[in-house]
Amino acid sequence: MEQITLEMSDEFACKLNNIAKRNGLSRALTIGRALALLAVADEAQTEGNAIAIVDAELNPIHRLVGIF
């Protein structure tokens, strides 16, 4: 397994810690899940699609744009 060193701002580190704690995950697993989500977004964009946040009735609330 490959390891990397990651430098981040205090603000980003705080957000990472909060997300990891809220979900009962390690920081490494949280970053891994974020990269998995980024891979899905990359594939969607490659196929001419987009990622959206939807409510319980599947109505779009936010469309994720400009992440690449």
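The values are calculated or read from the model by the stated rules, or taken from the named source; none is laboratory data. Given the structure is predicted, the values throughout are model-derived calculations rather than measurements. As a convention, Cβ positions derive from the backbone with ideal geometry for all residues, glycine included, and neighbour counts pool all protein chains shown.
Put simply, of A20, A41, A34 the only residue that is in contact with a Ser or Thr (Cβ under 6 Å, 6 or more places away or on another chain) and either aliphatic (A, V, I, L, M) or at negative phi (or both) is A20. Taken over the stretch 23-61, the criterion of being β-branched (V, I, T), over 14 Å from the mean Cα position of the chain (by Cα) and part of a helix (DSSP H, G or I) is satisfied by T46 alone. Evaluating G24 against the criteria (1) among the small types (G, A, S); (2) surrounded by 10 or more Cβ atoms within 10 Å (Cβ to Cβ); (3) at pLDDT 95 or above leaves one unmet condition, (2).
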